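The values are calculated or read from the model by the stated rules, or taken from the named source; none is laboratory data. Values in this document were obtained by computation on a predicted structure and should not be read as measured data. All Cβ positions, even for glycine, are placed from backbone atoms using ideal geometry, and neighbour counts span all protein chains on display.
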Amino acid sequence: MDFQLNDCFKQQFVVTPKVYKHFQECSNDRNPLHTDEDFARAKGFPEKVMYGNILNAFISYFIGECLPTKDVIIHSQEIAFKNPVYLNETLDFEAHVSGIYDAVNAIEFKYKFIKPDGKIAAKGLIQIGVLK
Amino acid sequence: MKRAEIISQLNAIFEDIIDEGPISLSDANTVNDVDGWDSLTNVQLIVAIEKSMNIRFTSEEIQAWKNVGEMIDCILTK
């Protein structure tokens, strides 16, 4: 396989207005936390909070486009949201190979999204299969 | 690890991965005997077993198993 234990991959992602708008249209989620500045402020946030699952879309891009092989399929994906993400924030994404399961051609990654202030926006595990 | 301990761990892993209620495996069980055990869940099961027991199988070992009993025999060799 094209992976070694502890291989590290890095990307940057930005939650642009286009990303926000397209995700909103795709998900049809118009919860006021994500769409109403006043509502978000009343709940203690400085502005409207970006959809956490935008980060899952970034993971989809990472797995589909950024690995050394295109012969991949996502088996499972876990995410824990730690801090809210806001519009136009740049997120540093880091993933490293945390498990290799040759017998079933599966690879596990541990990943995290880091906000500009150094706080973790989200972290979790991804398991992919390497297609023969 | 004793055989009974392995069966107990496997039951817990299968229940977690397949998520269709209690599972009580026996040596004679095959893929056909456990609802939800298919080729996709099999990958998840193998990964979960390897992680949980800190062991690694080879693809040849997995392909040779005819039933749960042979899977356990293989685990006992690790």
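For segment A:1-109, the helices (runs of 4 or more DSSP H) that sit wholly inside it and include 3 or more residues that are in contact with a strand residue (DSSP E or B) (Cβ under 8 Å, 6 or more places away or on another chain) are A:54-65.
Can you tell me which residue is nearest to the other protein chains (Cβ to nearest Cβ) among those in segment A:80-96 that are under 26 Å from B:L45 (Cβ atoms) and surrounded by fewer than 18 Cβ atoms within 10 Å (Cβ to Cβ)? That would be A:H96.
All of (1) more than 28 Å from A:E37 (Cβ to Cβ); (2) among the aliphatic types (A, V, I, L, M); (3) away from every other protein chain (no Cβ under 14 Å) hold for A:I73 with one exception: (3). If you go through segment A:40-88 and pick out every residue that is of a type in the set (G, A, S) and over 24 Å from A:V104 (Cα atoms), you end up with 6.
Of all residues in segment A:108-116, at least one satisfies being under 23 Å from A:V19 (Cβ atoms), among the charged types (D, E, K, R), touching a Lys or Arg at 6+ places or on another chain (Cβ under 6 Å) and modelled with pLDDT of 95 or more. Screening B:E15, B:E70 for residues that are away from every other protein chain (no Cβ under 14 Å) and touching a Pro at 6+ places or on another chain (Cβ under 7 Å) leaves exactly one candidate, B:E15. Screening segment B:29-42 for residues that are in a loop (DSSP other than H, G, I, E, B) and charged (D, E, K, R) and picking the one that is farthest from B:K66 (Cα to Cα) gives B:D35. Per the listing A:F45, A:F13, A:F62, the residue uniquely touching a Pro at 6+ places or on another chain (Cβ under 7 Å) and not acidic (D, E) is A:F45.
Looking at segment B:50-67, which of the residues that are surrounded by 11 or more Cβ atoms within 10 Å (Cβ to Cβ) and more than 10 Å from chain A (Cβ to nearest Cβ) is nearest to B:I17 (Cα to Cα)? Within segment B:50-67, the match that is nearest to B:I17 (Cα to Cα) is B:S52. Within segment B:2-28, the set of residues being farther than 16 Å from B:I46 by Cα and in a loop (DSSP other than H, G, I, E, B) comprises B:K2, B:E20, B:G21, B:P22, B:I23, B:S24, B:S26, B:D27, B:A28. Of all residues in segment A:110-132, those that are touching a residue at least 60 places away in the same chain (Cβ under 8 Å) and out of contact with any strand residue (DSSP E or B) (no Cβ under 7 Å at 6 or more places or on another chain) total 1.
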